[in-house]
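Asker: My questions will all concern the structure given below.
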Amino acid sequence: MKKAVVRGECQAAVVEAPELTPVENWVVVKVHAAPMCAEYKSFVAGTPTAVLGHEAAGEVVAVAQPGKVKVGDRVVAMPLYGCGRCALCHSGDYIHCQQQPDFVAATGQSEGQATMAQYILKQDWLLMPLPDGVPYERGALACCGIGPSFGALQSMGVSAFDTLLITGLGPVGLGAIVNARFRGTRVIAVETVPWRAERALAMGAAAVIDPRDEGVLAQILELTGGRGVDCALDCSGNVQAERLCVDATRRKGKVAFVGECYDDLHLQISPDMIRKGLTLLGSWHYNLNEYPKIMQVIQESPLLDQLISHVMPLSEIQAAFELSASHETAKIVLQPWTSGEHT
Ligand SMILES: [Zn+2]
Ligand SMILES: [Zn+2]
């Protein structure tokens with residue numbers, strides 16, 4: 001089979017990899033759509049990697065034993081793995097499983113983890129049904145396209161009564177606009193890249209503020225009658241944006257973080273949390289029991305097409321990474337089985 005690799009600084013290629021064999025409840029899925037996420041970072045940094053991608057939709061093509069899926073099923077593959085036995089896995093929060101299986105030890109194979117490939121191996125219970133009529137490219141948005149922000153908005157109880165601040169309008173932040181607008185929520189966003197700001201406005205954001213402007217916090221307060229936003233969601237992973245979320249959220253409001261960040265966020269418990277009554281929460285994925293609702297967003301939101309800016313064959317991986325690194329995109333979806341001109 002074919003799969004994508006990063007060979008060096010701004011160098012990507014498609015290479016041959018061994019075929020996969022189903023083992024126990026690990027089934028083989030033929031990948032028809034593999035959205036790109038933050039993999040461009042290793043492309044830009046020049047970190048060689050042969051495991052690219054964690055988002056996919058496709059078709060079950062081989063199973064080792066009767067189980068939760070059968071050959072021919074159209075599915076969305078959830079990211080990562082879980083033990084399938086602990087309380088977190090049973091409750092649908094498998095992404096936080098503390099006994100995540102070692103892929104190579106569990107499958108006896110080194111290939112099959114990366115979704116930027118023609119096939120993957122996945123535990124059958126992490127393959128969610130893709131309804132008839134939903135194209136693979138759209139279904140695959142139930143991974144990081146709209147998944148993390150859906151989980152965060154559910155946890156914060158965001159509704160049509162709220163104004164939501166979204167910091168960072170990469171594909172996850174733009175996905176947050178899809179979820180927010182589906183709920184009738186007013187959106188104020190913060191983003192530096194003009195392409196993304198324009199896309200956000202086209203998708204219904206009420207305002208997009210450049211964080212390099214003077215008085216960003218003052219602008220947000222002015223847009224909210226001096227109170228601050230009801231809820232905030234950081235999708236940037238930038239510590240200044242995280243701090244802005246805390247400052248711009250009203251008393252008794254809620255702030256969720258989905259952008260990965262390893263920098264220190266300065267917080268003072270009394271003024272920032274106790275006196276303000278703020279709720280802070282981290283959100284990685286979403287509870288699997290919410291999958292039908294995610295699929296409802298995918299089927300009914302008029303903004304889905306704007307969240308997918310490019311659909312490209314895997315064979316054009318070099319151009320796809322260059323585009324992804326340019327930041328002038330929403331979600332880029334790779335197709336491992338098509339060839340020719342991209343759209
Ligand atoms: Zn588990
Ligand atoms: Zn992702």
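The values are calculated or read from the model by the stated rules, or taken from the named source; none is laboratory data. Keep in mind the model is a prediction, meaning the values are calculated, not measured. Ideal geometry is used to build each Cβ from the backbone, glycine not excepted, and the neighbour counts take in all protein chains shown.
Asker: Could we say that residue 149 is among the polar types (S, T, N, Q), in contact (Cβ under 8 Å) with a residue 60 or more places away in the chain and within 16 Å of ligand 2 (Cβ to nearest atom) here?
Answerer: yes
Asker: Can I ask one more? Could you say which residue among 81, 136 is touching a strand residue (DSSP E or B) at 6+ places or on another chain (Cβ under 7 Å) and within 16 Å of ligand 1 (Cβ to nearest atom)?
Answerer: It is 81.
Asker: Applying the selection to segment 104-117, what residues are of a type outside the set (Val, Ile, Thr) and buried (at least 20 other Cβ atoms within 10 Å of the Cβ)?
Answerer: Matches in segment 104-117: 111, 112, 113, 114, 116, 117.
Asker: Does residue 121 satisfy the criteria of being out of contact with any His (no Cβ under 7 Å at 6 or more places or on another chain), buried (at least 16 other Cβ atoms within 10 Å of the Cβ), in the same structural domain as residue 211 (by TED's automatic domain parsing) and not small (Gly, Ala, Ser)?
Answerer: no
Asker: Scan segment 221-239 and give yes if some residue there is assigned by TED's automatic domain parsing to the domain that holds residue 161, more than 19 Å from residue 205 (Cα to Cα) and in contact (Cβ under 8 Å) with a residue 40 or more places away in the chain, otherwise no.
Answerer: yes
Asker: Out of segment 213-231, which residues are outside any helix (DSSP H, G or I) and farther than 18 Å from residue 259 by Cβ?
Answerer: 213, 214, 215, 224, 225, 226, 227, 228, 230
Asker: List every residue pair whose Cβ atoms sit under 7 Å apart, with the two residues 6 or more apart in sequence or on different chains, where the first one lies in segment 31-49 and is more than 15 Å from ligand 2 (Cβ to nearest atom) and the second, anywhere, is assigned to a strand (DSSP E or B) and of a type in the set (S, T, N, Q).
Answerer: Close Cβ pairs (under 7 Å, with a partner that is assigned to a strand (DSSP E or B) and of a type in the set (S, T, N, Q)) amount to 32/335.
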